[in-house]
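Worksheet for the structure shown next.
What follows draws every value from the coordinates through simple rules; no lab data is involved. Predicted model, so just to flag it, every value in this text is computed and none were measured. Backbone-built Cβ (ideal geometry, glycine too); neighbour counts: all protein chains shown.
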Amino acid sequence: GNGSHYTPAVEKLRPWIAGADIAFCHQEIPFGKSDKDSEGYPVFKAPLGWAQDSKELGYDGCSTASNHTLDQGRDGVAHTIQALRNVGLGVTGSAESSEAPRYQMYEITKEGRSFKLAHISTAYGLNQGEIPQYKQNPWLVNLTTDGQIIVDIARQARSAGADFVVASVHSGVEYQSAPSAEQDRIAKTLADSGQVDLYLGHHVHVPQPIRKIPGGVDGKGLWVYYGVGNLLSAMNPGQGVGTQAGQIAFPTITLPSTGKPYVSAAGWVPLIMDRSTLEVVPGYLYETPEGAGTNLSKATAARYLDNLRKVTEEQATELKAPPSADSTAQIKPLNS
């Protein structure tokens, strides 16, 4: 549509995004040239105002590798990176040149202590297939179906000082909540490598399980958020109840007094979309006496939530109270 700003639609999520020490969004589609310059299915363009919205909501950086990264060609890749950097967001997943680092490094400082986090973003492929622009310039977007490129980039990031590595993975079979063979292969590659601390997945438009798998850094296991589902979309319930629900991945990273930071708890926040108003709210609001303040009935919301909880499974912890916003960390994107 022509919504040049998306903040009103997600206002009730602000305490979670602003309250997180570091928050990542997935910018799946390239930006248009203005707030009014947008296009929908099948070749996408997002209103330019969305970049400022993401910063204003409290995001610190975005992943950009998806099957739509090259929807607006090589120029669209550069324009999207610049649009995000211009508002102060970190960016990873696509690149303007072969020299650019394949990861985005952040310095996280809280209560006088710091560590460096590297964010890596990859996708399984492009909607346009094997396009000449990508063939000639494979650095334009990180593509992988087995995860090995993520391990290679993670090693580069660690040699550049990263203490913690997050992989944002665009993979899976659309509308299927069960992880695909490809997703499992990537997760296993990352876990076996011991180089990656966290897997954050997206692409399939429905929520997927959150599981801890064997391996990981120092053998502590790897938390895998296989797919967080939609945040905001124009999909309707006829495309499956899962398209009306999503997750905010909300893991806790602990920095011990000696040693490396690690994921000490895997939390998640249920999201429910009211299609009639295009508003996304934390699902637990529908279970309060006062309700969520949207048009969606409690019964319909309950059906979406029930499905969401079943799909997410039991290993991670559903969170119901946002963090306090006054104690968040200072985040500095380092453009190494």
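Sort R155, R102 so that the residue with the fewest other Cβ atoms within 10 Å of its own Cβ comes first and the one with the most comes last. Walk me through the numbers before you get to the answer.
Details: R155 14, R102 20.
Exposure proxy ranking, most exposed first: R155, R102.
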ask   = In debye, nearest 20: dipole of region 7-330 around its Cα centre with unit charges on the Cβ of K, R (+) and D, E (-)?
value = 320
Of V10, S159, L285, farthest towards positive along the dipole that unit charges on Lys, Arg, Asp, Glu beta carbons give region 7-330 = S159
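Please work out how much length the chain gains when fully extended from E130 to A302, using 0.36 nm per residue of separation minus the C-alpha to C-alpha distance, in nm with one decimal.
Details: separation 172, 0.36 × 172 = 61.92 nm, distance 4.29 nm.
Length gained between E130 and A302: 57.6 nm.
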Residues V151, V281 arranged by fewest to most Cβ contacts within 10 Å = V151, V281
query = Can you give the charge dipole size of region 182-221 about its Cα centre, rounded to the nearest 20 debye, using +1 on the beta carbon of Lys and Arg and -1 on the beta carbon of Asp and Glu?
reply = 120
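Which of K36/K320; K188/K260; K45/K135; K110/K298 have a Cα-Cα distance over 32 Å? The partial results should precede the final answer.
Numbers: K36/K320 36 Å; K188/K260 22 Å; K45/K135 23 Å; K110/K298 39 Å.
In this structure, K36/K320; K110/K298 lie more than 32 Å apart at Cα.
So if R0 is 25 Å, what FRET efficiency would Q82 and E174 give, r being the distance between their Cβ atoms, rounded to the nearest 0.05? The partial results should precede the final answer.
Details: r = 30 Å, r/R0 = 1.18.
The computed FRET efficiency comes out at 0.25.
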ask   = Pick from A118, A321, A157: which residue has the top mean-square fluctuation in a GNM of the chain where Cα pairs under 10 Å get a spring?
value = A321
task = Please tell me the relative contact order of the chain in percent, rounded to the nearest whole number, where contacts are Cα pairs under 8 Å and at least six residues apart.
result = 16
query = Of the residues L200, L84, L255, which exhibits the maximal mean-square fluctuation in a Gaussian network model of the chain defined by a 10 Å Cα contact cut-off?
reply = L255
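Once you order the gyration tensor axes a ≥ b ≥ c over the Cα atoms, which shape class does the chain get: rounded for a/c under 1.5, otherwise prolate or oblate by comparing a/b with b/c?
Rounded is the answer for the chain, as its axis ratio a/c remains below 1.5.
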ask   = Which of the listed residues, G93, T109, T294, is farthest toward the dipole's positive end in the chain, when Lys, Arg count +1 and Asp, Glu count -1 at the beta-carbon?
value = T109
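Sorted from fewest to most neighbouring beta carbons within 10 Å, what does the list Y304, Y225, Y284 look like? Before the final figure, lay out each step's value.
Details: Y304 22, Y225 26, Y284 16.
Final ranking by Cβ density, sparse to dense: Y284, Y304, Y225.
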remark   = In this structure, the FRET efficiency calculated for E99 and E290 from their beta-carbon separation, with R0 = 51 Å, to the nearest 0.05, is 0.40
ask   = When the chain is modelled as a GNM with alpha-carbon springs shorter than 10 Å, which of I81, I131, I17 fluctuates the most?
value = I131
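Using the crude model of +1 on Lys and Arg Cβ and -1 on Asp and Glu Cβ, and no other charge, please compute the dipole size for region 94-158 relative to its Cα centre, in debye to 20. Each step should come with its number before you reach the end.
On the way: 7 positive and 7 negative charges, 53 e Å.
Result for region 94-158 is approximately 260 debye, rounded to the nearest 20.
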